[in-house]
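*Asks:* I'd like to ask you about the structure that follows.
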Amino acid sequence: MISAPALIEALAGEGWYVQRDAWTAQDCAALLAELREHDAAGRLQPAGTGRGAGRAVRADLRGDRILWLDTHDGGPATRGFLAGMQALGREINAALHLGIAEYEAHFAVYPPGGRYVRHLDRHRDSDARLVSTVLYLNPEWDESAGGTLHLWTTQAHSVEVVPRAGTLVTFLSASIAHEVQAATRERFSIAGWFRRRAALPF
Ligand code: OGA
Ligand code: MN
């Protein structure tokens, strides 16, 4: 179970939170099974960086392949995950009044050697992303395999998160820079963002 009060307090304070048992092993296994099925069917695509004219696929900067989650086409585990995160978004809003209006998320598979260089999740031309989330899906993970997430909690200090199933990382999209280290094995996760309603397009 997600510990919403602790998560909310941490977001309001330091701006980041790591909970190791936010999702059960059983739910993570079901999510991983759905992810593997999509992957076997060839539905994941190389991830890009940037938006609009700035968009590019650069495996040296970002090595994962992704599939956006969809309430309509998703399996029961995917739908349950989205419902749980939407409930969390409502709790965050009620406490912090961030103006969260939606949640978007994608499955991600980092192949061995794949990494994501240090970055912020908020796009340069859009302030829609408020809070980032990452749920890990590998049922076991030996630290010697690499693949940790480095979160720069201040300019000079980072914490390392081991990508083990059930661990949920939450942080402010605008301010917490982070980096995915390359691993020696496949690394499975769901990255997501609580967003405010985008301003009217021109
Ligand atoms: C991302 C990201 C972190 C992770 O997809 O933007 O930073 O640990 N993912 O997978
Ligand atoms: Mn990121």
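Nothing in this text is a laboratory measurement; each read-out follows from the coordinates by a stated rule. Since we're looking at a predicted model, the values are computed, not measured. Cβ coordinates were reconstructed from backbone atoms using ideal geometry, including for glycine residues, and neighbour counts include every protein chain displayed.
*Asks:* Among all stretches of the chain without exposed GluC sites (Glu not before Pro) (DSSP loop, at most 15 other Cβ atoms within 10 Å), which one is longest?
*Replies:* Details: sites that count: 14, 140, 186.
Value returned for the longest uninterrupted segment is 15-139.
*Asks:* Cα centroids of the range 120-170 and the range 53-117: how far apart, whole angstrom?
*Replies:* 12 Å
*Asks:* Would you compute, from DSSP H runs of 4+ residues alone, the mean residue ellipticity of the chain at 222 nm, taking -39500 (n - 2.57) per run and dividing by the full residue count, rounded to the nearest 500? Write down the numbers at each step before the final one.
*Replies:* On the way: 3 runs with 46 residues, N = 202.
Only helices count here, giving -7500 deg cm²/dmol.
*Asks:* May I pose another question? Using only Cα positions of the range 4-195, each an equal point scatterer, no hydration layer, compute I(q)/I(0) via Debye at q = 0.09, 0.19 Å⁻¹ and quote the log10 values to two decimals.
*Replies:* -0.30, -1.57
*Asks:* Before anything else, pin down the relative contact order of the range 36-84: Cα pairs under 8 Å, at least 6 apart, normalised by residue count, whole percent. List each step's numbers first, then the result.
*Replies:* Details: 36 pairs, mean separation 13.6, N = 49.
Rounded, it is 28 percent for the range 36-84.
*Asks:* Peptides 81-90, 107-116: what's the order by average Cβ count within 10 Å, highest mean first?
*Replies:* Values: 81-90: 17.3, 107-116: 19.4.
Packing proxy ranking, top to bottom: 107-116, 81-90.
*Asks:* Rounded to the nearest 20 debye, what is the charge dipole size of the chain about its Cα centre when +1 sits on each Lys and Arg Cβ and -1 on each Asp and Glu Cβ? Provide the component values of the computation, followed by the final result.
*Replies:* Values: 21 positive and 23 negative charges, 127 e Å.
Roughly 620 debye, rounded to the nearest 20.
*Asks:* Quick check on the exposure proxy: order 188, 171 from fewest to most C-beta atoms within 10 angstrom.
*Replies:* Values: 188 22, 171 25.
Fewest to most other Cβ atoms nearby, the residues stand as 188, 171.
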